[in-house]
1. Looking at B:Gly57, B:Gly85, which one is assigned to a loop (DSSP other than H, G, I, E, B) and either within 14 Å of another protein chain (Cβ to nearest Cβ) or surrounded by 22 or more Cβ atoms within 10 Å (Cβ to Cβ) (or both)?
2. If you go through the stretch A:14-51 one residue at a time, how many are at positive phi, of a type outside the set (A, V, I, L, M, F, W, C) and buried (at least 24 other Cβ atoms within 10 Å of the Cβ)?
3. Before we move on, is A:Ala199 surrounded by fewer than 20 Cβ atoms within 10 Å (Cβ to Cβ), assigned by TED's automatic domain parsing to the domain that holds A:Leu258 and touching a residue at least 40 places away in the same chain (Cβ under 8 Å)?
4. May I ask you to say which residue of A:Glu97, A:Glu144 is charged (D, E, K, R), in a helix (DSSP H, G or I) and without any contact (Cβ under 8 Å) to a residue 24 or more places away in the chain?
5. Could you list, in sequence order, the residues of the stretch A:104-140 that are charged (D, E, K, R) and away from chain B (no Cβ under 14 Å)?
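The values are calculated or read from the model by the stated rules, or taken from the named source; none is laboratory data. Quick caveat, the model's predicted, so the values are computed rather than measured. Positions of Cβ are backbone-derived with ideal geometry, glycine not excepted, and every protein chain shown enters the neighbour counts.
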Amino acid sequence: MKVAHTPAELERVPRATAIGTFDGVHLGHRAVVRTAVEARGRPTVVTFHPHPREVLGNRVALLASLERRLELLAELGIEETLVVEFTPQIAELAPGEFARQYLEAIGVELIAAGESFRFGRGRSGDLALLRGLGFETAVAEHVEGASSSEIRRRLEAGDIEGAAELLGRPPEVDGIVVAGDQRGGTLGFPTANLRVDQALLVPRFGIYAGAAHGHRAAVSIGVNPHYGGSERRVEAHLLDFSGDLYGQRIVLELWQRLRDEAVFTNEQELVDQIARDVSAARAAGRPGRP
Amino acid sequence: MPPRARRPAGIVLVDKPSGPSSFALVAELRRRTGARTGHAGTLDPFATGLLVLLSGGATKLVPCFLGLDKRYVTDVDLRATTSTGDPEGRMLSEHEPPGEHELERRLARLRGEVELPIPAASAVKIGGERAYRLARRGTTVAMPLRRSQVYALDVIASSGSSVRLALHVSSGTYVRAIAAALGGHCRTLRRTAIGPFPVEEADPGLLLPPSEALARLPAEAAERVPAGVRAAVLALEEPRARLPAAGDA
């Protein structure tokens, strides 16, 4: 998939285009994207980064990094994506002006969106306005309950299965493996310590079953209270894996919440509990099947 | 909305790697041809092997390719059953693998006409609701049975805890259900043939003309699409052609 940051980088050809922020690429987003992919014209996405609500002054914890969003869009069959840098100036564009600069300029003929799609200054543009401007429109099937904010709520509550149901796949934490405290190795459970972009949402602190790199994993998200930590950590022990992951990006899937973080009376208790967590990770199932 | 292009019309055989969904391969072909694109049956993301993709006007021939018998090779882990019959499911039970004689006894019962529960996975609906949703609420449901034919079921390698099987089965047979009936789950699953098409013929760059593909099908399979529709597809036919490589579009 080709990624462009300005309309000028894309040829002017007939396109079927899905427009939206598409944070998390959940089932509702997928319905919109598929509608564009199935329609006539080059399947294209016009998306926004940073998140518009962030630019308008609200803190939004993202469900997925921009890199992951682009990967997921490519998997759905999108050929070209225009990432529009969302600025207060963009937010002030009249809908017709936005359509001229970002849609007409790249040849968009058809726009796929959900019924409630709004864009432009004061969210005053909608599908009817686009039809008035001469675009064809295709309304994607509504997916009940699939909203990024509902998924955020479920993740903040630790409801992994509930989030997976709306995402259509397990929730993920995406990051680069960096050096940690080397503590897991001395306990017999080496972990990959993930540096996760502060803009990304991580689920409620606790211990999770998950998977990465084709291996099941026992995952700790939190501050390592047993060791009196205070900084947010995402650490994964990959089962049946030995190797060096330093510097690699990994996309860690979360499958099931196992328990809260805890403080133990001694290190042996902690080690015994980790062994139970590893068994539970081995027995967990991957949620969010279609 | 106007339909996508009817040309190039033809059949493409691809060997799916483990990981991407079947839909991703359909999308990739569509990207290369710009034509409407369909498939004759999917594989789970973890599975590998043959997919039959249809391009352009040939998508009208999908029914001809749906009921064909299939061949698979699978590695079955005999130490545990899972809720889905594959490596992504919840572990249901853990046990010692069966001995050689016990395994042969179980295999023998799975040859010929069999009736097996559909794996409690994705798409199956029970009483209008997805099986996995019921499972999540803790509702236990008897999964519906499906009758199918197992023409061949042979051990081609064995390591005690794991066994590699070669299967030849009628359309609609769930290999994961066979693994579950053996007391295990599929660690790997590879489709090695669909009807007369072996995976060795897979070539994502080759567009098979519809006439060539239809001629290789049993008559009753070809006749699942009315003669008039087949004739209309054949009218779009062009000689065997190389497709543009991914990214050339």
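1. Details: B:Gly57 fails: assigned to a loop (DSSP other than H, G, I, E, B).
None of the other options fit; the residue is B:Gly85.
2. 1
3. Criteria met by A:Ala199.
4. Details: A:Glu144 fails: in a helix (DSSP H, G or I).
Checking each option against the conditions leaves just A:Glu97.
5. A:Glu104, A:Glu115, A:Arg118, A:Arg121, A:Arg123, A:Asp126
To keep it simple, each residue is scored yes or no on (1) closer than 23 Å to B:Ser18 by Cβ; (2) of a type in the set (Phe, Trp, Tyr); (3) surrounded by 13 or more Cβ atoms within 10 Å (Cβ to Cβ); (4) in the same structural domain as B:Glu28 (by TED's automatic domain parsing).
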position	(1), (2), (3), (4)
B:Pro144	no, no, no, no
B:Ser148	no, no, yes, no
B:Val155	yes, no, yes, no
B:Ser161	yes, no, yes, no
B:Ile178	yes, no, yes, no
B:Pro209	no, no, yes, yes
B:Pro218	no, no, yes, yes
B:Val229	no, no, yes, yes
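Here is a yes/no grid of residues against (1) over 16 Å from the mean Cα position of the chain (by Cα); (2) more than 14 Å from every other protein chain (Cβ to nearest Cβ); (3) assigned to a strand (DSSP E or B):
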| position | (1), (2), (3) |
| --- | --- |
| A:Gly175 | no, yes, yes |
| A:Phe189 | yes, yes, no |
| A:Ile207 | yes, yes, yes |
| A:His226 | yes, yes, no |
| A:Glu235 | yes, yes, yes |
| A:Phe241 | yes, yes, no |
| A:Tyr246 | yes, yes, no |
| A:Leu254 | no, no, yes |
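Residue by residue, here is whether (1) more than 13 Å from the chain's Cα centre (by Cα); (2) more than 21 Å from A:Val251 (Cα to Cα); (3) outside any strand (DSSP E or B) holds:
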| site | (1), (2), (3) |
| --- | --- |
| A:Val13 | yes, yes, yes |
| A:Ala18 | yes, yes, no |
| A:Phe22 | no, no, yes |
| A:His29 | no, no, yes |
| A:Val32 | yes, yes, yes |
| A:Val60 | no, no, yes |
| A:Arg69 | no, no, yes |
| A:Val83 | yes, yes, no |
